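None of the figures in this text is laboratory data; all of them are computed from the coordinates on show. Nothing here was measured: the structure is a model prediction, and the numbers come from that model. Counting neighbours? That spans all protein chains shown, and the Cβs are built from the backbone with ideal geometry, glycine included.
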Amino acid sequence: MSETVAIIMPAFNEESTIGPIVHATAKAVPQADIIVVDDASSDKTADVAQAAGAKVISLPFNMGYGAALQTGFKYAYKHAYNYAVQMDSDGQHDPASIADLLRAVQNGDADVVIGSRFMGLGNYRAPLLRRIGMKFFGTLASLLLRRKITDPTSGFQALNRHAIRFNASDYYPVDFPDADYIIMLHRAGLKVKEVPVAMHPSPPGKKSMHSGWRPLYYVFDMLLSMFVVLLRKHAFKRETEQTPEEQEGVGQ
Amino acid sequence: MSRFHLFLILPAALLFVTPALADDRPQDETAKHVHACLTGDNGEKQEAFDKLYRTRNTSVPQILKLIAEENDQGRRVLLVALLERINHQRNQEQDTILYRLTDYKLKESHFWMVLVLSAGLFVVIVDLVRRKLLRIEYSWLWVIAGVAILLLVLTRLLDVVAGVIGARVPQALFFMGVLFLTLINVHYSVAISRLTNQAKNLSQELALLKHEVTDESAAKEG
């Protein structure tokens with residue numbers, strides 16, 4: 001049986017970038033299915049993605065990045081994909097790096113492989129405040145995992161079946177799946193590893209999830225979420241073999 | 001124990017803890033002493049009152065001077081008068097404060113107002129449930145609150161409750177009310193969180209099923 005790969009792209013009003021990205025991704029990883037989760041865009045994102053050859057899942061109303069992403073993981077889990085790659089649809093993540101991520105997860109090195117932009121490849125530089133935040137949460141995550149995490153906010157990741165199951169479950173932090181998510185994975189017994197990837201700066205003028213008052217709320221949410229993760233006794237357990245009932249039971 | 005029990009236990013606990021914290025009106029040693037002095041013989045008492053009356057506009061240093069000039073008998077009377085005066089003044093101050101604090105009783109007009117309001121609250125809640133705008137699981141707290149207020153007012157138990165929890169200021173009752181509302185709000189936050197999560201899961205499921213259905217129909221056509 002060949003190994004199936006789902007590439008999950010949450011998209012919100014990306015009609016200008018989604019087409020080229022889907023094409024480039026299909027070219028870079030021809031064996032993979034591209035799943036675009038349209039987070040109730042007001043433009044033609046869904047149509048453009050469909051025309052470009054992606055499977056499009058349209059959410060009934062805008063639910064945010066994390067919830068859109070999770071929808072993709074639920075799809076991947078339901079349709080028994082062996083591996084999943086999550087990436088942004090705004091052109092920030094380079095499809096050429098997907099192969100590197102997939103290789104690391106297919107080797108069995110880790111359950112989740114995170115593409116880090118701070119490990120030599122590319123010359124990405126974030127604004128000062130964001131850099132401080134990344135450094136802070138990266139350090140916290142590194143301390144808790146006892147393993148160096150350079151880029152806790154990276155949304156460019158490859159996952160195996162265990163991690164897909166985790167992300168499809170109710171444990172997944174849908175508000176901001178960043179540093180707290182990495183710690184959750186660790187606590188759930190899933191192995192996390194970083195590999196270097198190249199990233200482009202996100203296109204200017206685009207309202208990102210880190211604009212306006214959001215950073216303040218982000219810091220609050222992240223700290224509380226991390227704290228709660230540590231308090232929580234994790235019911236989720238990484239399993240080597242899954243019974244059919246458990247496969248049925250996910251996403252409820 | 002569910003979170004729900006918290007709503008019942010916390011106010012109840014407060015009800016029992018607060019009387020222990022509330023101090024009673026202090027027993028005044030001076031007052032006792034003066035009282036003992038004044039229950040001497042009638043002439044003495046009369047004289048004390050006279051002196052007291054005469055010294056009502058005199059300053060304390062002047063009284064002290066008068067005391068120095070008097071003989072033993074007069075000194076004693078003046079001293080008693082002075083003590084009585086100080087005590088009287090203090091009592092008056094205390095009374096005005098205590099009047100504001102303890103002697104608060106629900107006035108008749110207030111009584112009717114509260115009665116109408118609480119009856120109104122009860123009716124509104126029952127009507128909300130009747131029209132299915134409020135689920136029963138959220139209504140029972142409000143119904144109990146409405147009935148409790150109604151009963152407290154009707155039986156004039158509110159004054160008793162105020163006494164029991166040591167509430168000398170009506171604001172203390174308001175505080176209890178605010179506390180109760182806060183707890184109810186926390187409960188609602190919990191409920192809303194659960195609903196949000198359910199809505200998230202439902203819409204994700206809906207999107208996935210919609211995708212499946214359109215996929216199938218596309219496959220049939222193609």
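Here chain A was treated as a single set of alpha-carbon atoms; its pair distances binned every 5 Å from 0 give 1, 6, 14, 19, 21, 19, 13, 6, 2, 0 percent.
For every other residue with a beta carbon closer than 13 angstrom to the beta carbon of A:Ile21, add +1 if it is Lys or Arg and -1 if Asp or Glu, then tell me the sum. Around A:Ile21, the surrounding residues sum to -4. In a simple Cβ point-charge model (Lys, Arg +1; Asp, Glu -1; nothing else charged), chain A has a dipole of about 900 debye relative to its Cα centre.
Ranking A:Gly108, A:Ala80, A:Ala6 by how far each Cα lies toward the positive end of the dipole of region A:1-113 (charges on Cβ) leaves A:Ala80 at the top. Which shape class applies to region A:1-100: rounded if a/c is under 1.5, otherwise prolate when a/b exceeds b/c and oblate if not, where a ≥ b ≥ c are the square roots of the Cα gyration tensor eigenvalues? Oblate, because a/c is 1.5 or more while a/b does not exceed b/c.
Quick check: net charge around A:Ala46, other residues with Cβ under 13 Å of its Cβ, Lys/Arg +1 and Asp/Glu -1? Numbers along the way, then the final one.
Working: positive: A:Lys44, A:Lys55, B:Lys210; negative: A:Glu14, A:Glu15, A:Asp38, A:Asp39, A:Asp43, A:Asp47.
Every neighbour counted, the sum reads -3.
Taking R0 as 35 Å, what FRET efficiency do you get between B:Asn185 and A:Glu3 from their Cβ-Cβ distance, rounded to the nearest 0.05?
Details: r = 51 Å, r/R0 = 1.44.
E between B:Asn185 and A:Glu3, to the nearest 0.05, is 0.10.
In this structure, B:Glu205 and A:Tyr217 have a Cβ-Cβ separation that, at R0 = 25 Å, corresponds to a calculated FRET efficiency of about 0.35.
Give me the one-decimal nm value for the distance between modelled label points at A:Lys237 and A:Asn82, 7 Å along each residue's Cα-to-Cβ direction. Placing both labels 7 Å beyond Cα along the Cβ direction yields 2.6 nm.
Exceedance of the 19 Å cut-off in Cα-Cα distance is limited, within the set A:Lys237/B:Lys210; A:Lys233/B:Lys200; A:Lys74/B:Lys210; A:Lys78/B:Lys200; A:Lys135/A:Lys193; A:Lys27/B:Lys210, to A:Lys237/B:Lys210; A:Lys233/B:Lys200; A:Lys27/B:Lys210. A Förster radius of 45 Å combined with the Cβ-Cβ distance from B:Thr155 to A:Val228 puts the calculated FRET efficiency at roughly 0.45. What do you get for chymotrypsin sites (Phe, Trp or Tyr not before Pro) in region A:53-162 restricted to DSSP loop and a cutoff of at most 13 other Cβ within 10 Å of the site's Cβ? Those satisfying the criteria are A:Phe61. With the cut-off at 1.5 for a/c, could you classify region A:67-207 from its C-alpha gyration tensor as rounded, prolate or oblate? Because its axes are fairly even, with a/c under 1.5, region A:67-207 counts as rounded.
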